[in-house]
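Notes follow the structure.
The values are calculated or read from the model by the stated rules, or taken from the named source; none is laboratory data. Because the structure is predicted, anything quoted here is derived from the model rather than measured. For neighbour counting, all protein chains shown are included, and Cβ atoms are generated from backbone atoms with ideal geometry for every residue, glycine included.
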């Protein structure tokens, strides 16, 4: 099973650290394993660099998009896609989204694609498997000299 946390990163931090996503990964993985005062310090850093997930607009977006997807349903705060051999569940939280996926990766990619098309600087992190990346890569400006 794959487990992702998806965070909406403040635009200034997303732009500054684009290409250095490993630093975000390090921060979030350290946050998960730390305890006590260190956990509180890292939590404040995470609070500072992330934006809240707009719950109702995101819920409406997912409900609207998932109508088109076979095997999808909405239960409380969780959107689910279930197929014979795979599935994924996306849970909306205040500061992040949690995505649990099993089987082939097609169901999780459906969620990633919906979010990528409709939301800003989202960073997905799978700490256990050390996978991370932007759902929508930031376009770099090219300056002509």
Could you list, in sequence order, the residues of the stretch 92-110 that are under 13 Å from the mean Cα position of the chain (by Cα), without any contact (Cβ under 8 Å) to a residue 40 or more places away in the chain and surrounded by 15 or more Cβ atoms within 10 Å (Cβ to Cβ)? 92
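Looking for whichever is in contact with a helix residue (DSSP H, G or I) (Cβ under 7 Å, 6 or more places away or on another chain), over 22 Å from residue 17 (Cβ atoms) and either modelled with pLDDT of 90 or more or not in a helix (DSSP H, G or I) (or both) here; the options are 144, 81, 125. Which one fits?
Values: 144 fails: in contact with a helix residue (DSSP H, G or I) (Cβ under 7 Å, 6 or more places away or on another chain); 125 fails: over 22 Å from residue 17 (Cβ atoms).
Result of the check over 144, 81, 125: 81.
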Where residues in the stretch 41-61 are more than 19 Å from residue 134 (Cα to Cα) and in contact with a strand residue (DSSP E or B) (Cβ under 9 Å, 6 or more places away or on another chain), which of them is surrounded by the fewest Cβ atoms within 10 Å (Cβ to Cβ)? 55
